[in-house]
Amino acid sequence: MTEGLLLVISGPSGVGKGTLCKALRQALPELGYSISATTRPPRPGEQNGVEYLFLSREDFAAKIEKDEFLEWALVYGNYYGTPRAPVERDLRRGKDVILEIDMQGARQIKERFPEGVFVYLLTPSLEEQRRRIEKRGTENTASILDRLGKVQEELKHINWYDYVIVNDKIAAGVDKLKSIITAEKSRVTRNRKWLDKLVKASKGEKN
Ligand code: 5GP
């Protein structure tokens, strides 16, 4: 069986990563997704084990110690990490998996899974990004400025991503992600195993 595709989505705060990934998962219900662990406190309405696994700093540190994360990073003062076991299991079984993580984490994944597909999302403008963060209403002014400043820094390092999507209309964003998945899964290099079998079988027929 071909290994599943690992799709990594990053992008600045307020870009709508969560909304877009949720819409993609609705469009592709067979897509596996990773529930990250975090030390940040839950926001109103967030449930443990649904949006995140909410951990104490001690528990998070213990998991780092036991190498239970594929990647982890300190983001805006809180720790976030991708639990290793479910992702590795899904990929082994041929299931595609989506990770919605920050750039530091994506970089670590790129080192471990160079064959992963890395997508960076952008808002149409900085004003739009600010509007979206303010609308969400979860950040204070300093935190909003911090988050807006981060995008300029991140853009300097965007070159190792494979794709960039300006996330304006959700349906268009979902279409683009679906196209990326289709194209990537059609790569000859990702289909090597069964193509080799095909070549072998055709040789057998001739002999
Ligand atoms: P939020 O607290 O707003 O849900 O997420 C803050 C940031 O943490 C976002 O940029 C999000 O993509 C990132 N993030 C969420 N989960 C993970 C993770 O498992 N690893 C890393 N490195 N970043 C994550």
Notebook entry, point to check: Does I181 satisfy the criteria of being of a type in the set (V, I, T), at pLDDT 90 or above, in a helix (DSSP H, G or I) and open to solvent by less than 90 Å² (accessible area, probe 1.4 Å)?
Noted result: yes
Looking for something away from the ligand (no atom under 12 Å from the Cβ), surrounded by 13 or more Cβ atoms within 10 Å (Cβ to Cβ), within 19 Å of I165 (Cβ to Cβ) and not aromatic (F, W, Y) - is there at least one such residue anywhere in the stretch 73-93?
no
Checked against (1) modelled with pLDDT under 95; (2) part of a loop (DSSP other than H, G, I, E, B); (3) not small (G, A, S), T19 satisfies every condition except (2)
Determine if the stretch 79-94 includes at least one residue that is without any contact (Cβ under 8 Å) to a residue 12 or more places away in the chain and either in contact with a Lys or Arg (Cβ under 9 Å, 6 or more places away or on another chain) or among the hydroxyl-bearing types (S, T, Y) (or both).
yes
Filter the stretch 190-207 for residues that are free of Cβ contacts under 8 Å to residues at least 60 places away in the same chain and open to solvent by 90 Å² or more (accessible area, probe 1.4 Å); the one that is farthest from T19 (Cα to Cα) is N207
Residue pairs within 7 Å by beta carbon, gap of at least six or interchain, first lying in the stretch 100-111 and over 17 Å from K17 (Cα atoms) and touching a residue at least 24 places away in the same chain (Cβ under 8 Å), second open to solvent by less than 50 Å² (accessible area, probe 1.4 Å) and of a type outside the set (A, V, I, L, M), listed first then second, are Q108/E71; I109/E71; I109/G116; K110/G116; K110/F118; K110/W160
Regarding Y80, is this residue at pLDDT below 90, aromatic (F, W, Y) and over 26 Å from A172 (Cα atoms)? no
Open item on the list: One residue is enough: does the stretch 121-139 have a residue meeting the conditions open to solvent by 50 Å² or more (accessible area, probe 1.4 Å) and hydroxyl-bearing (S, T, Y)?
Closed with: yes
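Yes/no per residue for (1) more than 22 Å from R89 (Cα to Cα); (2) among the β-branched types (V, I, T); (3) loosely packed, with under 12 Cβ neighbours inside 10 Å:
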| residue | (1), (2), (3) |
| --- | --- |
| K22 | no, no, no |
| A27 | yes, no, no |
| E30 | no, no, yes |
| K63 | no, no, no |
Of the residues that make up the stretch 38-54, is at least one closer than 25 Å to P114 by Cα, within 12 Å of the ligand (Cβ to nearest atom) and of a type in the set (A, V, I, L, M)? no
Scanning the stretch 140-152 for residues that are open to solvent by 90 Å² or more (accessible area, probe 1.4 Å) and either away from the ligand (no atom under 14 Å from the Cβ) or under 22 Å from the mean Cα position of the chain (by Cα) (or both) gives T141, L145, Q152
Across the stretch 1-20, the tally of residues that are surrounded by 19 or more Cβ atoms within 10 Å (Cβ to Cβ) and either basic (K, R) or within 16 Å of the ligand (Cβ to nearest atom) (or both) stands at 13
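The values are calculated or read from the model by the stated rules, or taken from the named source; none is laboratory data. A quick note: this is a predicted structure, and the numbers were derived from the prediction, not measured. Heads up, the Cβs are rebuilt from the backbone with ideal geometry, glycines too, and the neighbour counts pull from every protein chain shown. The accessibility values were calculated without ligands, DNA or RNA, using every heavy atom of the protein model including side chains. Shrake-Rupley method; radii C 1.70, N 1.55, O 1.52, S 1.80 Å.
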